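For reference, the structure discussed in these notes is given below.
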Amino acid sequence: MTIAAMSGFQKTLEHVLVLSTFIPLIISSGGNSGSQAATLIIQAMALGEITVKDWWTIARREIQSGLIMGLTLGLIGYLIVIGGHQFFDLFGEHYSQVGLAIGISLIGVVLWGTMMGSMLPLLLKRLGADPATSSTPFIATLVDVTGLLIYFGTAYWLLRGILL
């Protein structure tokens, strides 16, 4: 699935090769945030601390958490690009737009990861399935693939007419 997602943006990568250097950061950020959220929700459900009826309270809390983590990582990603340009002359003349694409993508990917990680176990429980089946490998894979779509879609949207 990752290959299919990336091949759809092959032309984008050919034009803006620097985007490929941030793929590990994007994938790990989304997968890790989703896996962490899923683990916490599954544990809380197993201990009887939350139920499916608490979904809106959980969603609000995870939106806040995802935004804070995403903004932090997005700012770090942006600063890496700015610093890379200032100290090593990396990322070309449109470094600021590239940094913005990285930063906004990280916000979206981490927010998406926390929402998927927290809501999928609740959905599975509601459907009568074992919430533990939404454990780390499943969530990480799902968020990795969709995270790439968020990343490349955001980069395309922000860099179209500039580098693309």
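Under the condition of being of a type in the set (S, T, N, Q), in contact (Cβ under 8 Å) with a residue 12 or more places away in the chain and closer than 18 Å to S105 by Cα, the residues counted in segment 35-88 number 1. Looking only at segment 45-66, residues that are surrounded by 15 or more Cβ atoms within 10 Å (Cβ to Cβ) and closer than 20 Å to G128 by Cβ come to 6 in all.
Filtering segment 82-106 to residues that are of a type in the set (A, V, I, L, M, F, W, C) and buried (at least 23 other Cβ atoms within 10 Å of the Cβ) leaves V98, A101, I102, L106. Residue-level analysis places G161 outside the set of residues that are outside any helix (DSSP H, G or I) and more than 28 Å from V18 (Cα to Cα). Restricting A132, A140, A155, A101 to those that are small (G, A, S), in contact with a Pro (Cβ under 9 Å, 6 or more places away or on another chain), part of a helix (DSSP H, G or I) and in contact (Cβ under 8 Å) with a residue 12 or more places away in the chain reduces the list to A132.
Here, each number is a calculation from the coordinates, and none is a lab measurement. What you see is a predicted model; the values in this text were computed from it and never measured. Glycine gets a Cβ as well: all are built from the backbone with ideal geometry, and neighbour counts include every protein chain shown.
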